[in-house]
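Student: My structure is below; once you've seen it, I'll send some questions.
Values quoted throughout were computed directly from the atomic coordinates according to the rules given, and no laboratory measurement underlies them. Keep in mind it's a predicted model, so treat the numbers as computed, not measured. With ideal geometry, Cβ positions are generated from the backbone for all residues, glycine too; neighbour counts draw on all protein chains shown.
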Amino acid sequence: MRVMRKRARFDGRTGNAIIEFALVSTVSIPLLVGTVTVGHLLVRAIQVTQVSRDAGHMYARYVDFSLPANQELIVRLARGLGMSRTGGYGKVILSKVMKVGPEECAGAGLSLAECTNYNFPVILQRIVIGNANLRPSALGEPNPSLLDAQGNVTNYL
């Protein structure tokens, strides 16, 4: 008995599949890598937003973040973002801001002419959790000589 074998047909199309794959992959592989990168950055942005929102809610409800144990709450919320209480890749700035009015100036025994911050917003408290050397706050930075150990500004008028 004779075994019949099929012969491969070569009609000049031997390299077409490789060339088509090379052409398609030059576009599709960077597109796939870019999609994965954007997705990863989106997850990080959502995490940062949630940490900021949670920290703001706790701060507005009078959680004392000058205590190290309470600062650890923020660090635990930021787990995975590379942040520690005094360093790392992240920074949370908590600030109490108030606009100085005539009542505050009068309460300090100053006339409106003597009250240099009259009608301006001032920072009453500033607490920084994380790497303090990162980008500063858009609100500005209070003079470090005016801050006490709890982050309160001693003379804001």
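Student: Report the paramagnetic label zone for V63: residues of region 84-113 whose backbone N is under 19 Å from a point 7 Å from Cα along the Cα-to-Cβ axis.
Tutor: Within reach of a label on V63, which here means backbone N under 19 Å from a point 7 Å along Cα→Cβ, region 84-113 contributes 84-87, 90-97.
Student: Let me know the charge dipole size of the chain about its Cα centre in debye, to the nearest 20, where only the beta-carbon of Lys, Arg (+1) and Asp, Glu (-1) is charged.
Tutor: Numbers: 17 positive and 10 negative charges, 374 e Å.
In total the dipole reaches around 1800 debye.
Student: Just tell me the longest site-free run in the chain, where the sites are chymotrypsin sites (Phe, Trp or Tyr not before Pro) in a DSSP loop having at most 14 other beta-carbon atoms within 10 Å.
Tutor: Working: sites that count: F10, Y62, Y89.
Here the longest segment lacking exposed loop sites spans 90-157.
Student: Let me ask something else. Can you give me the distance in nm between label points at Q47 and T35, each placed 7 Å from the Cα along the Cα-to-Cβ direction?
Tutor: 2.3
Student: Right, here's the next one. By how many nm would the segment from N155 to V97 grow when fully extended, if each residue of separation counts as 0.36 nm and the alpha-carbon distance is taken off?
Tutor: My answer for the length gained is 19.5 nm.
Student: Net charge near Q50: determine it from the other residues with C-beta under 13 Å of the C-beta of Q50, scoring Lys and Arg +1 and Asp and Glu -1.
Tutor: The answer is +3.
Student: While we're here: Using a 7 Å offset from the Cα along the Cα-to-Cβ direction at both D54 and S145, what is the distance between the two label points in nm, to one decimal?
Tutor: With each label point 7 Å from Cα toward Cβ, the separation is 3.9 nm.
Student: Among V153, G80, N131, flag the residue with its Cα farthest along the positive direction of the charge dipole of the chain, charges on Cβ as +1 for Lys/Arg and -1 for Asp/Glu.
Tutor: Value: G80.
Student: I'd like the Karplus ³J(HN,Hα) series for region 140-157: coefficients 6.51, -1.76, 1.60, θ = phi - 60°, whole numbers in Hz, and an x wherever there's a Gly or Pro.
Tutor: x, 10, x, 4, x, 6, 8, 8, 8, 5, 8, x, 7, 7, 7, 9, 8, 8
Student: How many nm is it between the label spots at S25 and L134, if each spot is 7 Å from the Cα in line with the beta carbon?
Tutor: 3.9
Student: Local charge sum around L77 (other residues, Cβ-Cβ under 13 Å, Lys/Arg +1, Asp/Glu -1)? All intermediate terms of the calculation are to be shown ahead of the outcome.
Tutor: Details: positive: R53, R76, R79, R85; negative: D54, E72.
Taking every other residue near L77 into account, the sum is +2.
Student: Next question, about the same structure. Which of the peptides 81-88, 136-143 is most tightly packed, and how do the rest follow, going by the mean number of other Cβ atoms within 10 Å of each residue?
Tutor: Numbers: 81-88: 15.1, 136-143: 12.4.
Final packing ranking: 81-88, 136-143.
Student: Moving on. Using only the alpha-carbon atoms, how far is helix 16-60 inclined from the longest principal axis of the chain? Give it as 0 to 90 degrees, nearest 10.
Tutor: Tilt relative to the chain: about 20 degrees.
Student: Which order do peptides 104-110, 125-131, 43-49 fall in by mean Cβ count within 10 Å, highest first?
Tutor: Working: 104-110: 13.9, 125-131: 20.9, 43-49: 12.0.
Taking the mean over residues of other Cβ atoms within 10 Å, the ranking is 125-131, 104-110, 43-49.
Student: Here's something else I'd like to know. How far, in degrees from 0 to 90, does helix 68-77 lean away from the longest principal axis of the Cα atoms of the chain, to the nearest 10?
Tutor: With rounding to tens, the tilt is 30 degrees.
Student: Right, here's the next one. With n ≥ 4 as the cut-off for DSSP H runs, can you work out [θ] at 222 nm for the chain, using -39500 (n - 2.57) per run divided by the number of residues, rounded to the nearest 500? Display every interim value, and only then the final one.
Tutor: Working: 3 runs with 61 residues, N = 157.
Calculated from helices alone, the mean residue ellipticity at 222 nm is -13500 deg cm²/dmol.
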